[in-house]
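One structure is given here, and the rest of the page talks about it.
The values are calculated or read from the model by the stated rules, or taken from the named source; none is laboratory data. The model shown is predicted, which means the values in this text are computed figures rather than measured ones. Ideal geometry is used to build each Cβ from the backbone, glycine not excepted, and the neighbour counts take in all protein chains shown.
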Amino acid sequence: MPFRSKKPTVRDNYDDLVAQADVLRQQLAERAPDVRDAVVARLSEGAGELRNRLPEIRDSLVERLPDDVADRLPESVKPKKKSRLKKVVVVGAVATVAGVVLSKMKTDPAPPPPPAYQPPAPAGPAS
């Protein structure tokens, strides 16, 4: 009869896993400083971007809150409501100024072009 190999036991599997864990631990220790530096750089970039977008995010979140919850928020957190009237007045003023400038340009006649060549006038009758 042929020799049968013994099935691996839990103890054998455990020993293999411990050996693999030691190898992985060494690899991790070698690569950790590089990975840490890369993560710190990405985090600082992301934090800067997040600081720039934070007011937009806050305003959109406050708008989505139910009215009874939004009413309980302090005034410093609520987004400032922009006056539509002010926007309409500013746009109207800009349009009026543009219209006045265009009409002024159209009503001012351009200076006439210089006359074309004119032959000299005859010098009086010859007698």
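When each of R11, R4, R58 is tested for being in a helix (DSSP H, G or I), exposed (fewer than 10 other Cβ atoms within 10 Å of the Cβ) and modelled with pLDDT under 85, the lone residue that passes is R11. Looking across region 25-39, the residues that are of a type in the set (A, V, I, L, M) and either surrounded by 10 or more Cβ atoms within 10 Å (Cβ to Cβ) or within 30 Å of E75 (Cα to Cα) (or both) come down to L28, A32, V35, A38, V39. Given (1) outside any helix (DSSP H, G or I); (2) modelled with pLDDT of 85 or more, where does V97 come up short, assuming only one miss? It fails just one condition, (1).
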